[in-house]
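Written out below as structure tokens is the structure these notes cover.
The values are calculated or read from the model by the stated rules, or taken from the named source; none is laboratory data. As the structure is a computational prediction, the values presented were derived from the model and not from experiment. Using ideal geometry, Cβ is built from the backbone for each residue, glycine included, and neighbour counts are taken over all protein chains shown.
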Amino acid sequence: MDDGPKVRTKPGPSIPLPPSWMEADVVWAALREVAFRADEAGPVDRLDPYHLGVHDTVEGVAAKVETCVAAIRADDRLLALEHTARLAVAYYRAAQVALRKFPFAEERHAVAYAVCRDCGMRSLERRPPLTYLEPITVKCRNPACGAVFHPALVEYDLQTYREEIEAKAATA
């Protein structure tokens, strides 16, 4: 007896979305609202708010953002409308929040509690790669030293320092 195709009653595994994707959706929604306003004033070349950024490259998206901003700046009626101004401010805020949460590049920062192997000072700085596939380095900020280390050596030193502190705490 054949009952037909089987139907799953339990949902399958969920796929977690990265937070940066969720933040990008918020920014795109804000930009889409601004693009609709710009399109209402008169169709703008190369700007289709219904398909904004759907299959674009990063360069294409940047060009559409510039086109949208130029269209709003060019039309004094759009600049005078309070609703358009609110939408533009909402987009700007969403974009700034996203850039703050997910920066394009990592900044240099000091490595806490790490001591330089050459000069003995706590002046190590983690330096991100400047280009794709370039190694991460840790450099001493002391002008007299300037030693460069692999991050694994610094992690080893920090682990050793942690073990020393734990040993002192256990004996005390």
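Below are the figures for this structure:
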{"read-out": "Residue in the stretch 80-97 that is of a type in the set (S, T, N, Q), surrounded by 10 or more Cβ atoms within 10 Å (Cβ to Cβ) and within 30 Å of residue 27 (Cβ to Cβ) present", "value": "yes"}
{"read-out": "Every residue from the stretch 98-123 that is surrounded by 16 or more Cβ atoms within 10 Å (Cβ to Cβ) and under 14 Å from residue 141 (Cβ atoms)", "value": "111, 114, 115, 116, 123"}
{"read-out": "Residue list for the stretch 93-135, filter: out of contact with any strand residue (DSSP E or B) (no Cβ under 6 Å at 6 or more places or on another chain), closer than 13 Å to residue 151 by Cα and in contact (Cβ under 8 Å) with a residue 24 or more places away in the chain", "value": "115, 117"}
{"read-out": "Which listed residue, of 139, 168, is surrounded by fewer than 10 Cβ atoms within 10 Å (Cβ to Cβ), at pLDDT 90 or above and not β-branched (Val, Ile, Thr)", "value": "168"}
{"read-out": "Qualifying residue in the stretch 152-160 (condition: surrounded by 10 or more Cβ atoms within 10 Å (Cβ to Cβ) and assigned to a strand (DSSP E or B))", "value": "no"}
